[in-house]
Amino acid sequence: MTLTELRYIVALAQEQHFGRAAERCHVSQPTLSIAVKKLEQELGTTLFERGKQGIQATPLGERIVALASRVLDQTAAIKDAADADKEQLHGPLALGTLPTIGPYLLPQFIPLLQETASQLSLYVEEGNQGSLALKLRSGELDAILITLPFNEPDVVTQPLFDEPFVLLLPVDHPLASKTAIAATDLDPAEVLLLGEVDCFRAQVLTAFPHLDPRQIPAAGTTRNFTRGNTLETLRHMVASRLGITILPQTAAHASLYAPNLLVTRPFVNPVPKRTLTLAWRISFPRHKAIDLLRRAIQASSSAYWNYNTAREQDTPGVLVENRDW
């Protein structure tokens, strides 16, 4: 058996679909299918049940996949150890990020990172928190930029800063006359949210319990929760006067519209917020690269400087043009 075959069966067990597993492994579906069949023949057992309901690991297959996952984790650790003597600020650094973070923070910190470490090339991949965690542990990603809560074995997490939520609404909306918004000011029938699988939606519903979708009136009595797939979709929906929405501060300030169309309003204390966090494997040896990445994110983030009071005193004295400072 080979590490490639182990990687294929782990991907297949997670995706439960040959096509998606092949796409994730960057090979054709026949290539992956043949490799899985070859491994099954070598082991003399069936690892996966193939049926109309999809692909499901057999009980023995589940145990073997778990062992394969541990082998791949150790393989990533070996690769990390082999890189330990290399120049830490040279070469590629693979960073994963959430769709609700990347589009807004990447333009802020990548120019600073390129300026301070020109030999460091950043590879960025976007995904949900679960898939990013899997790729971090397998060694496909070196670090991930996510939000708390997050707990993974053998992974270090370092909170970067808290980012407050703000309300985005049309300029002539009745709530626009308020200087700060209370949770009870929000009408659940007006609120636009992301889809059920997004962690930011869960954070909003946790911060605003009265928006609990289980308490939505019966269909037809209100417009109910309107959903978008991205924060930008929600912004466009607000601009189209379909409702109001709650955004992280960084996303809310990345406006694409004239100031006489949309406005933001802060929430009253205690201000709802999310905690942005950098995570990496304990075994990852390029600590200087991680530290530089952390400092670049904090130094260039308006949310960090405008909202967080516990700032590090040893942050490098690098000036970055930012109109919000």
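The values are calculated or read from the model by the stated rules, or taken from the named source; none is laboratory data. Nothing here was measured: the structure is a model prediction, and the numbers come from that model. Heads up, the Cβs are rebuilt from the backbone with ideal geometry, glycines too, and the neighbour counts pull from every protein chain shown.
Summary of computed values
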| read-out | value |
| --- | --- |
| Scan of segment 115-157 for residues that are of a type in the set (S, T, N, Q) and either within 15 Å of the chain's Cα centre (by Cα) or surrounded by 14 or more Cβ atoms within 10 Å (Cβ to Cβ) (or both), ordered by number | THR116, ASN128, GLN129, SER131, SER138, THR147, ASN151, THR157 |
| Single residue of GLU140, GLU126 found to be closer than 21 Å to SER301 by Cβ, modelled with pLDDT of 85 or more and of a type in the set (D, E, K, R) | GLU126 |
| Residue ranges of strands (runs of 3 or more DSSP E) in segment 98-194 with at least 1 members of a type in the set (D, E, K, R) | 120-126, 155-170 |
| ALA133 farther than 30 Å from THR245 by Cβ, touching a residue at least 12 places away in the same chain (Cβ under 8 Å) and among the small types (Gly, Ala, Ser) | no |
| Residue check for ALA94: under 18 Å from GLY130 (Cβ atoms), touching a strand residue (DSSP E or B) at 6+ places or on another chain (Cβ under 6 Å) and assigned to a helix (DSSP H, G or I) | no |
| Pairs, first under 14 Å from ILE110 (Cα atoms) and in contact (Cβ under 8 Å) with a residue 60 or more places away in the chain in segment 286-302, second among the acidic types (Asp, Glu) and surrounded by 20 or more Cβ atoms within 10 Å (Cβ to Cβ), C-beta under 9 Å, six or more apart | ALA289/ASP142; ILE290/ASP142; SER301/GLU163 |
| Which listed residue is at negative phi and in contact with a Lys or Arg (Cβ under 8 Å, 6 or more places away or on another chain), from GLU49, GLU15, GLU23 | GLU15 |
| Qualifying position, being of a type in the set (A, V, I, L, M, F, W, C), at pLDDT below 85 and either out of contact with any Pro (no Cβ under 9 Å at 6 or more places or on another chain) or surrounded by 14 or more Cβ atoms within 10 Å (Cβ to Cβ) (or both), among ALA182, ALA189 | ALA189 |
| Residues being touching a Phe, Trp or Tyr at 6+ places or on another chain (Cβ under 9 Å) and either among the polar types (S, T, N, Q) or without any contact (Cβ under 8 Å) to a residue 12 or more places away in the chain (or both) - total across segment 32-63 | 5 |
